[in-house]
């Protein structure tokens with residue numbers, strides 16, 4: 001990466017226990033659907049294929065969750081990036097941070113409202129998503145780390161608002 005470690009203001013690392021439980025539960029669901037599809041006689045071939053195909057899709061989701069939660073999120077300089085170097089958003093594009101109990105946000109996380117939509121729609125299960133003018137962070141993360149990052153972003157957005 002082209003940034004120095006000193007540029008990192010806040011980091012979110014997925015909780016290993018939450019990560020393991022999430023992946024295990026989703027993988028077990030996928031396996032159960034496949035087994036049910038193979039063992040169910042009264043459904044006919046089409047029903048068995050639907051169940052087995054759904055189980056395979058859920059196993060793919062479990063693998064995506066495992067890979068996504070292996071990454072970290074960093075508030076580095078003027079942007080929020082994941083461990084693979086993908087930029088979630090720039091802090092200058094954030095209009096507000098939403099982290100209330102009634103907010104539509106990931107578990108233990110927060111939502112960033114952007115001034116303009118950012119393409120493309122991206123989802124890293126258990127860690128973050130970006131859809132239009134919103135970036136959601138949370139899932140298998142530690143609530144304290146997510147709160148600290150949300151407060152750091154909110155402080156930067158407030159400073160920018162006060163300066164203009």
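Key figures for this structure:
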item	result
For residue 144: the one exception among (1) loosely packed, with under 14 Cβ neighbours inside 10 Å; (2) touching a helix residue (DSSP H, G or I) at 6+ places or on another chain (Cβ under 7 Å); (3) closer than 22 Å to residue 7 by Cα	(2)
Conditions (1) surrounded by 12 or more Cβ atoms within 10 Å (Cβ to Cβ); (2) more than 30 Å from residue 146 (Cβ to Cβ); (3) modelled with pLDDT under 95: number failed by residue 32	(3)
Lone unmet requirement of (1) at pLDDT below 95; (2) outside any strand (DSSP E or B) for residue 9	(2)
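Let's see how each residue does on (1) modelled with pLDDT under 95; (2) touching a helix residue (DSSP H, G or I) at 6+ places or on another chain (Cβ under 9 Å):
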{"site": "63", "(1), (2)": "no, yes"}
{"site": "67", "(1), (2)": "no, no"}
{"site": "70", "(1), (2)": "no, yes"}
{"site": "73", "(1), (2)": "no, yes"}
{"site": "76", "(1), (2)": "yes, yes"}
{"site": "82", "(1), (2)": "yes, yes"}
{"site": "86", "(1), (2)": "yes, no"}
{"site": "92", "(1), (2)": "yes, yes"}
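The values are calculated or read from the model by the stated rules, or taken from the named source; none is laboratory data. This is a predicted model, so every value here is computed, not measured. Every residue, glycine as well, gets a Cβ built from its backbone with ideal geometry; the counts of neighbours run over all protein chains shown.
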